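Participant: Below: one structure in structure tokens.
All of the numbers you see were taken from the coordinates with simple rules; none came from a lab. What you see is a predicted model, and the numbers here were worked out from it, not measured in a lab. So basically every Cβ, Gly included, is an ideal-geometry build from the backbone, and we count neighbours across all protein chains shown.
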Protein chains: 2
Amino acid sequence: MIDPVELYADDPTSCPVAAAVGAFSGKWKPIILHLLAQDELHFANICRALPKASKKVLTEQLRELENDGIVVRRPTNENRPRVFYSLSRTGKELAPIMLSLYKWQKDRSQKEMSDAA
Amino acid sequence: MIDPVELYADDPTSCPVAAAVGAFSGKWKPIILHLLAQDELHFANICRALPKASKKVLTEQLRELENDGIVVRRPTNENRPRVFYSLSRTGKELAPIMLSLYKWQKDRSQKEMSDAA
DNA sequence: CGGTATCCGATATGATACTG
DNA sequence: CAGTATCATATCGGATACCG
């Protein structure tokens with residue numbers, strides 16, 4: 001089912017799992033995806049929700065997510081120009097995987113607590 | 001089910017999904033996990049399987065995986081000292097998640113191909 | 001409003017040599 | 001065998017200021 005190790009030994013970034021992980025590794029990406037899972041938002045909303053992140057960094061992370069086909073960027077033609085961001089179909093397919101990651105993490109931090117006791 | 005955004009807005013690394021992703025982001029970690037999913041291996045085996053990675057980097061990544069409770073380090077007391085690495089229980093629980101990531105990635109690279117056509 | 005431009009420090013990865 | 005030490009480079013994230 002999964003390809004043999006030798007295929008990736010020369011270039012580990014070619015491993016599909018690594019590529020998938022790379023697609024949402026970035027300091028603000030998981031929380032951006034979490035935000036967009038609930039609503040389509042315009043840029044200023046995202047900035048306000050994440051005041052600790054600079055516009056530059058948010059722009060970068062959004063661009064990367066867009067280039068990876070995970071979010072969709074939609075500028076409007078209003079008087080007050082706005083740019084909306086939302087999850088693509090591919091982005092929405094990430095939701096159950098993120099939920100598994102969430103559960104796995106909760107589980108193991110639980111175990112750490114009981115180990116320490 | 002999942003915590004609200006405000007909980008992580010100040011420190012995005014506290015988001016469980018980000019923490020989970022962090023646990024296996026590292027250039028060689030996915031492929032190391034893939035290797036160990038099949039066998040318990042000693043350090044030299046891992047080095048031989050991944051000749052492009054320096055011992056220093058492999059040691060670092062293995063130590064991080066160990067500190068995260070994902071792999072188990074087992075030194076032996078033989079004449080020729082060896083150190084075995086294997087997946088912990090928590091590490092094995094990652095397998096189905098990695099499979100989902102694998103499928104998700106294959107899916108979307110498929111779509112890219114057909115989009116380009 | 002939705003960005004860019006510039007500069008900077010921190011972290012990640014790597015090449016190489018050495019050690020018990 | 002299984003590392004550690006040292007040094008170099010690259011990418012990432014951030015502060016700040018400016019722009020159409």
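Participant: By counting other Cβ atoms within 10 Å of each Cβ, how are B:E78, B:E93 ranked from fewest to most? Walk me through the numbers before you get to the answer.
Facilitator: On the way: B:E78 7, B:E93 16.
Ordered from fewest to most neighbouring Cβ atoms within 10 Å, B:E78, B:E93 come out as B:E78, B:E93.
Participant: To continue, here is another question. Which distances in nm, rounded to one decimal and ordered from shortest, link the label point of B:N79 to the equivalent label points in the other identical copies, with labels set 7 Å from Cα toward Cβ?
Facilitator: Those separations, rounded to one decimal, come out as 8.9 nm.
Participant: What residue of chain A sits with its beta carbon nearest the rotation axis taking A to B, and at what distance in whole Å?
Facilitator: Smallest Cβ distance to the axis, with its residue: A:S25, 2.
Participant: Points 7 angstrom from Cα along the Cβ direction at B:I2 and A:R74: gap in nanometres?
Facilitator: Taking the two extended label points, one gets 2.0 nm.
Participant: Lysines near B:K56 by alpha-carbon distance under 23 Å, same-chain residues fewer than 8 away left out - which ones?
Facilitator: Here the lysines satisfying the reach criterion relative to B:K56 are B:K27, B:K29.
Participant: Given Cα pairs under 8 Å that are at least 6 residues apart, what percent is the relative contact order of chain A? Could the numbers behind the result be given before it?
Facilitator: Numbers: 84 pairs, mean separation 25.3, N = 117.
Relative CO of chain A lands at 22 percent.
Participant: Considering only the label points, 7 Å along Cα→Cβ from Cα, what distances in nm to one decimal separate B:E112 from the same position in each other copy, shortest first?
Facilitator: From this label point to the equivalent ones elsewhere in the assembly: 3.2 nm.
Participant: Residues with amide H under 5 Å of B:H42's amide H, sequence separation 5 or more or different chain, H placed in the peptide plane at 1.01 Å from N; which?
Facilitator: B:Y85
Participant: Treating cross-link reach as a plain straight distance, find the aspartates and glutamates whose alpha-carbon is under 18 Å from the alpha-carbon of A:K52, omitting any fewer than eight places away in the same chain.
Facilitator: The qualifying aspartates and glutamates are A:E60, B:E6, B:D10, B:D11.
Participant: What whole-number distance in Å separates the alpha-carbon centres of region B:1-35 and region B:57-111?
Facilitator: Taking the Cα centre of region B:57-111 as reference, the centre of region B:1-35 is 15 Å away.
Participant: Of A:W104, B:N45, B:L33, which is farthest towards the positive pole of the protein assembly as shown's charge dipole, taken about the Cα centre with +1 and -1 on the beta-carbons of Lys, Arg and Asp, Glu respectively?
Facilitator: Selected residue: B:N45.
Participant: Just tell me, in residue order, which DSSP H segments of chain A are both 15 angstrom or longer along the helix axis (alpha-carbon based) and at least -1.0 in mean Kyte-Doolittle hydropathy.
Facilitator: Details: long enough: A:55-67 (18 Å, -1.15); A:95-116 (32 Å, -0.93).
Once both thresholds are applied, what remains is A:95-116.
Participant: In debye to the nearest 20, how big a dipole does chain B give about its Cα centre with +1 on each Lys and Arg Cβ and -1 on each Asp and Glu Cβ?
Facilitator: Values: 17 positive and 15 negative charges, 172 e Å.
Using only the charged Cβ atoms, the result is roughly 820 debye.
Participant: How about A:K111: which aspartates and glutamates have a C-alpha closer than 15 Å to its C-alpha, ignoring those fewer than 8 places off in the same chain?
Facilitator: By straight Cα distance, A:K111 reaches B:E66, B:D68, B:E93.
Participant: Please identify which residues in region B:1-42 have an amide N closer than 12 Å to a label point set 7 Å out from the Cα of A:T59, following the Cα→Cβ vector.
Facilitator: From region B:1-42, the list is empty.
Participant: With +1 on each Lys and Arg Cβ and -1 on each Asp and Glu Cβ, how big is the dipole of the protein assembly as shown about its Cα centre, in debye rounded to the nearest 20?
Facilitator: Working: 34 positive and 30 negative charges, 59 e Å.
Roughly 280 debye for the protein assembly as shown.
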